[in-house]
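Engineer: Submitted below is the structure of interest, expressed as structure tokens.
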Amino acid sequence: GVYKGYHGIGEERVFIHPSSVNFSTGSYSCPWLVYHELVRTSKPFLRDVTECSAYALLLFGGRLDVQASNGVIVVEDRVRLSANARIGALIGGLRKKIDDLLSKKIADPSFDICSCVEMKLIRSLLLTDGLGR
């Protein structure tokens, strides 16, 4: 069959919109970009683009499929990351904790989510891409 890409949309080459702050960026430290808007003018352009690390994808990127026998975690049937089952279980636990903390923050806006040990760990993972430096 023909590969339909993400959400049934075929793959295509896209460009960063000239009005984007990242338009003149020559290279990125992360292999993925996330964007808010795709516009089609003379060609397909992405607006509001930012880099996305592996841990950001794992923690916030959508449905995860931990394939322990293959040593990979697949995000949204789209991105394959090498990882063992233990990492998959830890990420699953952190995602649940994030959801719990955000629910608590919504219920009580005065709740200091930043002082939680788990949020400090998540922040460190995102800032160091899991390298702890």
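The values are calculated or read from the model by the stated rules, or taken from the named source; none is laboratory data. Just so you know, these numbers come straight off a predicted model, no measurement behind them. Because the Cβ atoms are built from the backbone with ideal geometry, glycine has one as well, and the counts that use them run over all protein chains shown. When the accessible area is computed, the model is the full protein with side chains, heavy atoms only, and any ligands, DNA or RNA have been set aside. Shrake-Rupley method; radii C 1.70, N 1.55, O 1.52, S 1.80 Å.
Engineer: Of all residues in the stretch 43-69, which are open to solvent by less than 50 Å² (accessible area, probe 1.4 Å) and under 12 Å from the mean Cα position of the chain (by Cα)? Let's see the steps before the verdict.
Structural biologist: So the first thing to find is which residues in the stretch 43-69 are open to solvent by less than 50 Å² (accessible area, probe 1.4 Å), and the list is 44-46, 49, 52-59, 61-62, 64, 67.
Within the stretch 43-69, 52, 53, 54, 55, 56, 57, 58, 59, 61, 62, 64 qualify.
Engineer: Further question: Just a yes or no: is a residue in the stretch 115-129 out of contact with any strand residue (DSSP E or B) (no Cβ under 7 Å at 6 or more places or on another chain), open to solvent by 30 Å² or more (accessible area, probe 1.4 Å) and closer than 30 Å to residue 13 by Cβ?
Structural biologist: Checked against the condition, which is being out of contact with any strand residue (DSSP E or B) (no Cβ under 7 Å at 6 or more places or on another chain), open to solvent by 30 Å² or more (accessible area, probe 1.4 Å) and closer than 30 Å to residue 13 by Cβ, the stretch 115-129 yields at least one hit.
Engineer: Now, a different point. What's the total number of residues in the stretch 70-121 that are within 18 Å of the chain's Cα centre (by Cα) and either assigned to a strand (DSSP E or B) or not charged (D, E, K, R) (or both)?
Structural biologist: 21
Engineer: Cβ-Cβ distance below 8 Å, separation of 6 or more or different chains: which pairs start in the stretch 106-132 with a residue that is within 18 Å of residue 96 (Cα to Cα) and end on one that is of a type in the set (Phe, Trp, Tyr) and part of a helix (DSSP H, G or I)?
Structural biologist: 125/55; 126/55
Engineer: Looking only at the stretch 14-24, which residues are modelled with pLDDT of 85 or more and within 29 Å of residue 82 (Cα to Cα)?
Structural biologist: 14, 15, 16, listed by residue number.
Engineer: Looking at the stretch 53-73, which of the residues that are in contact (Cβ under 8 Å) with a residue 24 or more places away in the chain and of a type outside the set (Phe, Trp, Tyr) is nearest to residue 96 (Cα to Cα)?
Structural biologist: Selected residue: 59.
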